[in-house]
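Peer 1: My questions will all concern the structure given below.
Throughout, read-outs are computed from the coordinates displayed, never taken from laboratory work. As the structure is a computational prediction, the values presented were derived from the model and not from experiment. Ideal geometry is used to build each Cβ from the backbone, glycine not excepted, and the neighbour counts take in all protein chains shown.
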Amino acid sequence: MKKHFLKLLIFIYLFMAGATLPALAQHEGFLYGEVTLTNNERFKGQILWSAGQRMWVDMMTVEKKDNPVLKYLNSEQLERLSQEETQEEMDWGFMNLWKNRYPSRKHTLRCRFGDMAAIRVTGSYEAVITLKNGQKVNIYTNKDPEYKDQLGKRIAVIHSGKEKKYVEWGSIERITFMPTPSKLHYLKAEPLYGTITTRNGFAYKGQVQWDMDEYLTTNWLNGKSREGENISIRFQEVASVRPKEDGALVKLHSGKEVYLQDNSNVNRKNQGIVVQHPTWGRVYIRWRNFKEAVFTPYPIDASFGYSAFQKPKPLRGTISTGNLTWKGFFIYDLDEKLDMETLDGWDKAGALRQVPFRYISKISPIDDSHAAVVLKDGQKLLLGDRSDVSEKNWGIMVWPQPSKYKYIPWNKVIHVMFD
């Protein structure tokens, strides 16, 4: 009798403990907020962005309107930057007459949605981002392919339970972001999650975007069998994928293996595989560098929610030029000044790394094309072939004191140490 009573007490305790546990946070990583229209109508719910972004870790890629740091350079320094531009044959003297004597290049902002507090629409392809620290950034897009559909297109809001409302860009006044409920009851899928390994043996674990498009466990992996039969498999059934011949070998959780071909999901036409994580950034892997994908359940404690993204802070640290060091707030590449902005470069695995500066401990130029990067978790990277880590870097402007500044050309930099 006592044994039965004891079992009953244990059962009641476990039941009550389970009832008090928070809901599984499998949906906290999805974009969420309130869209206010110009007529003051409001829609609150999950947000589907125009360029395919669905998650807080997804990036908006746009152009910054202003770069006031250039005003601190003298005419000689401006001329040197002008000569280093890729379009060297252009008549910079003529161009400077029309551009306030400033050299011109892209000033791209890559901002994760989790770093933003709000977006206010100011034009057909223009907006003002308010970051979580309250700072505002004027942005716009042009016909550059990298900016396609980032601004100026309609977005969707899933509100009132599960009703999808399409909202035209021109009718939007403001978008205010807020934490996502841990469970969206209409959503039967979870974010696609797993580990992607490259041919060089590098592995990246986090949220996965397959073929730059599929990002949910309910999305389909498509292809044809060797006999030409069309086959579609939901990712929730897929345990692993690895390239084979002109297609891919797909292993299911059931243990069955299926060979698929003749579809961009499983061959060289694949647009690429993206892995993202709030604590280390984003990596883009081309199919030719891809070795294997192993899919695992979305972790309960993944911390992909809105609150996982800290308020942006100014970049601060020490720049060494050999015999001299300069310590203070600084602007990297005369463009990035906040720790939520990203350092971009191709790593040894053939993957494009985009690492928020807040996760970087040290950057050391190695040669004209590469820089050694040490992350705060101790990971060491060799990144190259992007202006952030090559001779195309415009240098660093540092403020040792609030009223004093020093410009350091990239070819003089030995180390950049981040506080």
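Peer 1: What does the convex hull of the alpha-carbon atoms of the chain project to on average, in nm²? The partial results should precede the final answer.
Peer 2: Details: hull surface 111.7 nm².
Mean orientational projected area (the chain, Cα hull): 27.9 nm².
Peer 1: In debye to the nearest 20, how big a dipole does the chain give about its Cα centre with +1 on each Lys and Arg Cβ and -1 on each Asp and Glu Cβ?
Peer 2: Details: 60 positive and 48 negative charges, 303 e Å.
The dipole of the chain has a size of about 1460 debye.
Peer 1: Relative contact order for the chain using alpha-carbon pairs under 8 Å, separation at least 6, rounded to a whole percent?
Peer 2: Once normalised by length, the contact order is 14 percent.
Peer 1: Okay, next question. What whole-number volume per residue, in cubic angstrom, does the convex hull of the C-alpha atoms of the range 103-182 give?
Peer 2: On the way: hull volume 10.0 nm³, N = 80.
Value for the range 103-182: 125 Å³ per residue.
Peer 1: Compute the whole-percent fraction of alpha carbon pairs in the range 28-71 spaced more than 12 Å apart. Write out the running numbers ahead of the final one.
Peer 2: Values: 673 of 946 pairs.
Considering the range 28-71, 71 percent of its Cα-Cα pairs are separated by more than 12 Å.
Peer 1: Right, next: Using the structure shown, select from K71/K337; K183/K224; K311/K337; K251/K376; K311/K392 the pairs with a Cα to Cα distance greater than 25 angstrom. Show your work: numbers first, answer last.
Peer 2: Numbers: K71/K337 15 Å; K183/K224 35 Å; K311/K337 14 Å; K251/K376 36 Å; K311/K392 29 Å.
Cα-Cα > 25 Å for K183/K224; K251/K376; K311/K392; rest within.
Peer 1: So for the range 313-418, what percent of the C-alpha to C-alpha distances run longer than 17 Å? Mind showing how you got there, number by number?
Peer 2: Details: 2585 of 5565 pairs.
Of all Cα-Cα distances in the range 313-418, 46 percent exceed 17 Å.
Peer 1: Here is a follow-up. Would you work out which of V208, G223, T197 lies farthest towards the positive end of the dipole of the range 193-296, given +1 charges on the beta-carbon of Lys and Arg and -1 on that of Asp and Glu, about the Cα centre?
Peer 2: Toward the positive end, the furthest listed residue is T197.
Peer 1: What is the dipole size for the range 313-418, taken about its Cα centre, with +1 at each Lys and Arg Cβ and -1 at each Asp and Glu Cβ, in debye to the nearest 20? Can you show the working numbers first?
Peer 2: Numbers: 15 positive and 13 negative charges, 106 e Å.
Dipole magnitude for the range 313-418 comes out near 500 debye.
Peer 1: Among G384, G322, F304, pick out the residue whose Cα is farthest towards the positive end of the charge dipole of the range 262-419, where Lys and Arg carry +1 and Asp and Glu carry -1 on C-beta, about the Cα centre.
Peer 2: Working it through, the farthest residue towards the positive pole turns out to be G322.
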